[in-house]
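Notes for the one structure printed next.
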Amino acid sequence: MLKYPAVAIVGLIVVALVLIFAQPASAEAEFELPHRYETEAEVDEAAKQELLSLADVEVQEVVAAMSSVDESRRESVQESISESESESMSIAMEESSIAQSEYESMVESSIAEASSIAEENALNAPLAGSHLKAQQVVYNCDDTDIPYLRALFSHCIVIGNSRAKNAVDCGIMTEKEVRFLSGAPVERIWPLARDVAYAYYPKTLFIVGLNDIGYYDGSNERFYQDLYGMIQEYKSINPGKVYLQEILPCPEEARPYFYRFFMIPDFNARIQQVCRELDCVYVSATPYADFKYINSEDHAHYGKPFYFLWAQTIASQMHLWEDHAGLGYEVPYELPVDEEGKLLPWAAEPTE
């Protein structure tokens, strides 16, 4: 007889319940498919496609993220390269600018040095084969000097009266360097000058005035008006530099032929006035106009010894020596004057 019959009975009941509920379900109730699928294969395929879809999304996101990172990195690298190139270019440009500046400075220095040497040679050395010297007047000239004197005047033109013609008469110049009209006042010389103006010589020397003293009752006002008008029109055609030579002096013996020769200073003052008003240069050969060089019956025209000296001093005052050397001077030659502005007689000592 069990000591605990009630307990045993309860245990049996529990076991029975466990066995009942632990039995497998029927074939129809073992597995219920979702209503949208008919077979397990379809469920597996759907699951696989869903997984693949999820994988594709992740891959696209990853690729997009990687692309974004790559683009950002590419832009950063490109920016870095651009900055580097810009800096290099800036350095190169700066170096180039410095080099260019140094080169220009070197060229300017070389040109200045060359010009200085050329100027020194032109002013202090004689022309080849000649004993003539710039800014000096030598007295012992001979016919061997004539080609060099003509060469000095090769880039200018002389226009004037018989005193200009005398340079041709004595053989120092030719009609290539000198155009003239003997015995003519300015009024009649102007047509000749007009034709010459169109040749556009860079420098022009006028030798006029002596004949005007004998015209118009010796009116220096009429002479001034004629000279002013001629030079003004000449310069309107030819923009080159114009030089006006003073009227050379005459000795007392010239009175029967040029009885108003005493008016030469007044007419020279008018020439100076035109020079001031029309930006011309006043030149002088009077210091070398020794009356012993006069060789004409009227005692008003000078001979060959004078024109050798005339050519040298006029060439200096017109800077023809520098032009011949290629220096191209335009600065007027300064004539020696005293405190009152009168010309000082400078006498170069005759050279042996």
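Would the range 207-222 turn up any residue that is hydrophobic (A, V, I, L, M, F, W, C) and either out of contact with any Lys or Arg (no Cβ under 7 Å at 6 or more places or on another chain) or surrounded by fewer than 19 Cβ atoms within 10 Å (Cβ to Cβ) (or both)? Checking the range 207-222: at least one residue is hydrophobic (A, V, I, L, M, F, W, C) and either out of contact with any Lys or Arg (no Cβ under 7 Å at 6 or more places or on another chain) or surrounded by fewer than 19 Cβ atoms within 10 Å (Cβ to Cβ) (or both). Could you list, in sequence order, all residues of the range 283-297 that are in contact with an Asp or Glu (Cβ under 9 Å, 6 or more places away or on another chain) and either free of Cβ contacts under 8 Å to residues at least 60 places away in the same chain or on the phi > 0 side of the Ramachandran plot (or both)? Answer for the range 283-297, where residues must be in contact with an Asp or Glu (Cβ under 9 Å, 6 or more places away or on another chain) and either free of Cβ contacts under 8 Å to residues at least 60 places away in the same chain or on the phi > 0 side of the Ramachandran plot (or both): 284, 285, 286, 291, 294. Screening the range 166-186 for residues that are in a loop (DSSP other than H, G, I, E, B) and acidic (Asp, Glu) and picking the one that is surrounded by the most Cβ atoms within 10 Å (Cβ to Cβ) gives 177.
Taking the listed residues 242, 274, the one that is touching a Leu at 6+ places or on another chain (Cβ under 9 Å), assigned to a strand (DSSP E or B) and over 15 Å from residue 213 (Cβ atoms) is 242, with no other qualifying.
Residue check: is residue 270 in contact with a Gly (Cβ under 7 Å, 6 or more places away or on another chain), closer than 19 Å to residue 161 by Cβ and in the same structural domain as residue 210 (by TED's automatic domain parsing)? Criteria not met by residue 270. Against the numbered list (1) exposed (fewer than 15 other Cβ atoms within 10 Å of the Cβ); (2) out of contact with any strand residue (DSSP E or B) (no Cβ under 9 Å at 6 or more places or on another chain); (3) in contact (Cβ under 8 Å) with a residue 12 or more places away in the chain, residue 305 comes up short only at (1).
The values are calculated or read from the model by the stated rules, or taken from the named source; none is laboratory data. Small disclaimer: the values here were computed from a predicted structure and weren't measured. We place every Cβ from the backbone using ideal geometry, glycine too, and count neighbours over all the protein chains shown.
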